[in-house]
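This report concerns only the one structure given below.
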Amino acid sequence: MTLPTDPAANLAALIRCASVTPAEGGALSALETMLKPLGFLVDRPVFSEDGTPDIENLYARRSGNGPHLMFAGHTDVVPVGDEAAWTHPPFAAEIANGEMYGRGAVDMKGGIACFIAAIARHVENNGGPKGTVSLLITGDEEGPAINGTVKLLEWAASRGEKWDASIVGEPTNPDALGDMIKIGRRGSLSGSITVSGRQGHAAYPQLADNPVRGLITLVDALLHPVFDKGTKDFQPTNLEVTSIDVGNPATNVIPAKATATFNIRFNDTWTAESVQAEIHNRLDQASKRKKYRPGKKTPVDYDLVWRDRPSHVFLTRDDKLVDTLAGSIKAAVGKKPALSTSGGTSDARFIKDYCPVVEFGLVGKTMHMVDERVALADLETLTRIYQRFIEDWFGQG
Ligand SMILES: [Zn+2]
């Protein structure tokens, strides 16, 4: 039996499955076909919740005698967009000029394809890792992410699974393979502020209370002063006002309500709770200011609603995990990767509650774009990096 040692062949099989969230599209079956000959036991739990589509996930375990390494990722992909704009069809895995085209090529079927090839080579050359390796693969990362990684982790943990370290195979490199490992992520919070005033004639403002003036006062307080100047491992905390809505078509009417929505990305100076407290405090202080509301005796009448669940900030401090991965990268590409906490949130924020986690995968330049593609050379290099990492982390190098 031939083992799945070729990352390009593995990736082609995965790209040909049209697994746009929430469809499984055959992608998990393709994975199962690759993993079984390598000695993995494969489970494919389906999770449900009212109001969201049922999602099929995959957990594969190759048991051994030693520490437990988990590789995490997703086989679902974002929609193709304008299919006619693709140079090569999005689910065909066609190769041109040394690159394979297809939705999910880098985000992140490619990362999974390379990790499986790395394990397959290890099995072929060394008989496989002496410890335990598992793959925790969700079909719900790009969608609502309700029936995905969170439930899959709970499901596996409830069956007694314990992990010593995890790698998430998301595309972490901005320009070239080996640029960047993500060792943490900023936290994220969103909220909406609605200010209520009194509608009236724009020529008689003393008879009205313009909520736009109040909203500007509050938004100003969220933007100044800055929350912090950044830390050793993180960028400065940043708040963006993402929308201001009044919905008033008339130029001579003072509206009754105005709403602003904001998102804040915060570093390890803060927790989600302390950021919320700071924002409440700033708004309460600002509501009493007169700068934009001369003559008004009452504070700005506002409501703050937090949207969605907060994402918590985290930083992985596990020298064995980070140093082993950085060393494997240096051996393959000749340079040390940056250890970064930049960018958006990922499923690593859920895994960090179970074990130390880092993220390293392909080059992200074309993710979510038309003509998403990956260099075949990158697939080979990433496979060699994962292979070296597995050997060194399990102490079999
Ligand atoms: Zn992804």
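Go through segment 52-80 and give me each residue that's more than 16 Å from the ligand (Cβ to nearest atom), under 24 Å from the mean Cα position of the chain (by Cα) and either not β-branched (V, I, T) or not in a strand (DSSP E or B) (or both). If the condition is that a residue be more than 16 Å from the ligand (Cβ to nearest atom), under 24 Å from the mean Cα position of the chain (by Cα) and either not β-branched (V, I, T) or not in a strand (DSSP E or B) (or both), then P53, D54, E56, Y59, A60, R61, H68, L69, M70 are the ones that fit.
Residues of segment 117-140 being within 16 Å of the ligand (Cβ to nearest atom) and either surrounded by fewer than 24 Cβ atoms within 10 Å (Cβ to Cβ) or modelled with pLDDT of 95 or more (or both), which ones? Across segment 117-140, the qualifying residues are L135, L136, I137, T138.
Taken over segment 91-108, the criterion of being over 22 Å from the mean Cα position of the chain (by Cα) and either under 17 Å from R16 (Cα atoms) or hydrophobic (A, V, I, L, M, F, W, C) (or both) is satisfied by F91, A92, A93, E94, I95, A96, E99, M100, Y101. Answer yes or no: is there a residue in segment 95-115 that is among the acidic types (D, E) and closer than 19 Å to A375 by Cβ. Within segment 95-115, one or more residues are among the acidic types (D, E) and closer than 19 Å to A375 by Cβ. Step by step: first the residues of segment 99-116, then only those that are under 18 Å from D347 (Cβ atoms) and of a type in the set (V, I, T), then the one that is nearest to the ligand (Cβ to nearest atom). Which residue is that? The selected residue is V106. Quick check: is even one residue across segment 39-51 open to solvent by less than 20 Å² (accessible area, probe 1.4 Å) and either outside any loop (DSSP other than H, G, I, E, B) or touching a helix residue (DSSP H, G or I) at 6+ places or on another chain (Cβ under 6 Å) (or both)? Checked against the condition, which is being open to solvent by less than 20 Å² (accessible area, probe 1.4 Å) and either outside any loop (DSSP other than H, G, I, E, B) or touching a helix residue (DSSP H, G or I) at 6+ places or on another chain (Cβ under 6 Å) (or both), segment 39-51 yields at least one hit.
Of the residues making up segment 11-38, those that are within 23 Å of the chain's Cα centre (by Cα) and part of a helix (DSSP H, G or I) are L11, L14, I15, A27, L28, L31. Of all residues assigned to segment 69-86, none qualifies as being of a type in the set (F, W, Y), open to solvent by 50 Å² or more (accessible area, probe 1.4 Å) and at pLDDT 95 or above. Of L215, L189, all but one fail to be open to solvent by less than 60 Å² (accessible area, probe 1.4 Å), over 25 Å from V358 (Cα atoms) and outside any loop (DSSP other than H, G, I, E, B); the exception is L215. Within segment 288-302, the set of residues being open to solvent by 30 Å² or more (accessible area, probe 1.4 Å), in a loop (DSSP other than H, G, I, E, B) and of a type in the set (D, E, K, R) comprises K288, R289, K290, K291, K296, K297. Of the residues examined, G98 is not one that is surrounded by 15 or more Cβ atoms within 10 Å (Cβ to Cβ) and either touching a Pro at 6+ places or on another chain (Cβ under 6 Å) or in contact (Cβ under 8 Å) with a residue 60 or more places away in the chain (or both). Scanning segment 323-356 for residues that are among the acidic types (D, E) and more than 16 Å from the ligand (Cβ to nearest atom) yields a total of 2. Residues being assigned to a loop (DSSP other than H, G, I, E, B), open to solvent by less than 60 Å² (accessible area, probe 1.4 Å), at pLDDT 95 or above and in contact with a Pro (Cβ under 8 Å, 6 or more places away or on another chain) are entirely absent from segment 271-287. Inspect all residues belonging to segment 303-317 and state whether any of them is touching a residue at least 60 places away in the same chain (Cβ under 8 Å) and within 16 Å of the ligand (Cβ to nearest atom). Taking every residue of segment 303-317 in turn, at least one turns out to be touching a residue at least 60 places away in the same chain (Cβ under 8 Å) and within 16 Å of the ligand (Cβ to nearest atom).
The values are calculated or read from the model by the stated rules, or taken from the named source; none is laboratory data. In this text, all values refer to a predicted model and were calculated from it rather than measured experimentally. Quick reminder, even Gly has a Cβ in these numbers, built from the backbone with ideal geometry, and neighbours come from all protein chains shown. Areas reflect the complete protein model, heavy atoms only, side chains present, ligands, DNA and RNA absent. Shrake-Rupley method; radii C 1.70, N 1.55, O 1.52, S 1.80 Å.
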